[in-house]
Amino acid sequence: MAEKIYGLLGRKLGHSWSVPIHTALSCEDYRLIELEPEELEGFLRQPNIGGLNVTIPYKRDVMPFCDIIDPMAQAIGSVNTLTRRADGKLYAFNTDAAGFRWMAERAGISFTGKKAVILGSGGASLTARACGKAMGAREVVVISRSGENNYGNLDRHADADIVVNTTPVGMYPNTGMAPVDLTSFPKCSGVLDVVYNPRRTALLIQAEALGIPCSDGLPMLVAQAKAAEEHFFEKPIPDSENERILAQLRWECTNLVLVGMPGCGKTTVGEVLAELTGREAIDLDQRIVEKAGCSIPEIFAREGEAAFRTLEREVTAEVGKLSGKIILTGGGVVKDRRNYASLHQNGRIYQLVRDLNTLPTDGRPLSQGADLSAMWAERAPLYAAFRDAAMDNNGTVEDTAAAIWRDFCENSGA
């Protein structure tokens, strides 16, 4: 008998996280399956299909080839889970609905009696719309680029309580963009973004700043995968698996970011952390030197601090998109607030704190001959605004690195 096929079906799947999620759920044969439209029918007619997830652009295209379609999937108008059962029939479900519900509930966002604005009109929008109604929303409005409700007349819906982004705006690699400005919705009490890379899109960073409960799409992705596996193997999986796998993925993908005064030990602590964790350490100053083709003192001497800060912002934006790295910043990275979003989108930020009278100044253009007390007075509130945690670095480098790693292991999955 032919080996059963498990995997994610789509057209371009380069940045999918589905394989590690399903592997964590013990489906070790799960793989990515990229097909062109004309290949769909032949593939889906195979008798040895065990279980498939379906992503864009095929969530509707596969429906004509299914024998049994679950009522929820019929109501949504798209499917994302297929399994061939013992009777030989191809069954279709939409487990995105289970994922969406868990994402919202986990974030403490209730739709009951609320008005929800759904950004986007694709397959994920269909799921969000159906779920919003099923969860008791008073009104659900879909915003598209054209049509009755569009981005040009958002003021019609300034009374929205919940904003849900189902568009790819802000998704890796085009991070830093948001589909809307949340201040357009002064009553907003919940924001959900189905994008899961980066962890915090520009939309979610704004929600955090405004104190609005919010969630990225990774909880939805994990929960729908768990629900899909239940259909694949026709047996229940404990709900606790959602939190376990989510925490594991957060830990693996979150960057560990070091900030602090020039000479506070970011490079040396970063080197020890790299040895301790097996993660790649990326020094932003080194990247700047590579990009400029000259040393940092030369950049300051030739073009001044403003030119250096521009390069620093560009490099920080590039590196901040990555996942699972150790990022070592320059002492003044906090002087440009825009760098916060770049570092925070995928990172947990640690400020290294060291006595000022022990800070070296050689080779540091802004430290040489400077009043370090005055520099600290200026930057201390900036470091505090950037950081998730402060770490004392007046002891051994090894002790500091170990303390950071302990904190990261405890808190990166939150």
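The values are calculated or read from the model by the stated rules, or taken from the named source; none is laboratory data. Owing to the predicted nature of the structure, the values given are computational and were not obtained by experimental measurement. Here Cβ is always computed from backbone atoms with ideal geometry, including for glycine, and neighbour counts include all displayed protein chains. Accessible surface is based on the protein model in full, side chains and every heavy atom, while ligands, DNA and RNA are left aside. Shrake-Rupley method; radii C 1.70, N 1.55, O 1.52, S 1.80 Å.
A few comments on the model shown:
- Residue 178 under 21 Å from residue 345 (Cα atoms) and open to solvent by 20 Å² or more (accessible area, probe 1.4 Å): yes
- Within the stretch 162-192, being closer than 20 Å to residue 338 by Cβ, part of a loop (DSSP other than H, G, I, E, B) and touching a helix residue (DSSP H, G or I) at 6+ places or on another chain (Cβ under 7 Å) holds for 170, 176, 177, 178, 179, 180.
- Residues of the stretch 324-344 satisfying the condition of being in contact with a strand residue (DSSP E or B) (Cβ under 8 Å, 6 or more places away or on another chain) and more than 18 Å from residue 199 (Cβ to Cβ): 328, 329, 331, 333, 334
- Only one of the numbered conditions (1) touching a residue at least 24 places away in the same chain (Cβ under 8 Å); (2) of a type in the set (Gly, Ala, Ser); (3) part of a helix (DSSP H, G or I); (4) open to solvent by 10 Å² or more (accessible area, probe 1.4 Å) is not met by residue 390, and that is (3).
- Checked against (1) open to solvent by 30 Å² or more (accessible area, probe 1.4 Å); (2) within 28 Å of the chain's Cα centre (by Cα); (3) within 21 Å of residue 185 (Cβ to Cβ), residue 109 passes all but condition (1).
- Yes/no for residue 314 being open to solvent by 10 Å² or more (accessible area, probe 1.4 Å), of a type in the set (Asp, Glu) and touching a residue at least 60 places away in the same chain (Cβ under 8 Å): no
- None of 101, 60 is part of a helix (DSSP H, G or I), of a type in the set (D, E, K, R) and either open to solvent by 30 Å² or more (accessible area, probe 1.4 Å) or more than 30 Å from residue 159 (Cα to Cα) (or both) except 101.
- For the stretch 133-153, the criterion of being farther than 23 Å from residue 97 by Cα, aliphatic (A, V, I, L, M) and surrounded by fewer than 22 Cβ atoms within 10 Å (Cβ to Cβ) is met by none of the residues.
- Any hit, the stretch 154-167, residues being under 21 Å from residue 226 (Cα atoms) and either surrounded by fewer than 19 Cβ atoms within 10 Å (Cβ to Cβ) or of a type outside the set (Ser, Thr, Tyr) (or both): no
- Residue 127 crowded, with 23+ Cβ neighbours inside 10 Å and touching an Asp or Glu at 6+ places or on another chain (Cβ under 7 Å): yes
- Within the stretch 112-146, the residues that satisfy the criterion of being part of a loop (DSSP other than H, G, I, E, B), more than 23 Å from the chain's Cα centre (by Cα) and in contact (Cβ under 8 Å) with a residue 12 or more places away in the chain are 112, 113, 114, 135, 136, 137, 138.
- Condition check for residue 241 on (1) open to solvent by 30 Å² or more (accessible area, probe 1.4 Å); (2) without any contact (Cβ under 8 Å) to a residue 60 or more places away in the chain; (3) of a type in the set (D, E, K, R): one failure, at (2).
- The set of residues in the stretch 372-387 that are touching a strand residue (DSSP E or B) at 6+ places or on another chain (Cβ under 9 Å) and exposed (fewer than 12 other Cβ atoms within 10 Å of the Cβ) contains only 384.
- Taken over the stretch 71-107, the residue count meeting the criterion of being among the acidic types (Asp, Glu) and in contact with a helix residue (DSSP H, G or I) (Cβ under 9 Å, 6 or more places away or on another chain) is 1.
- Condition check for residue 122: open to solvent by 30 Å² or more (accessible area, probe 1.4 Å) and on the phi > 0 side of the Ramachandran plot: no
- Only helices (runs of 4 or more DSSP H) whose full extent lies in the stretch 193-305 are considered here, and the ones with at least 2 residues that are in contact with a strand residue (DSSP E or B) (Cβ under 7 Å, 6 or more places away or on another chain) and at pLDDT 95 or above are 202-209, 218-233, 266-277.
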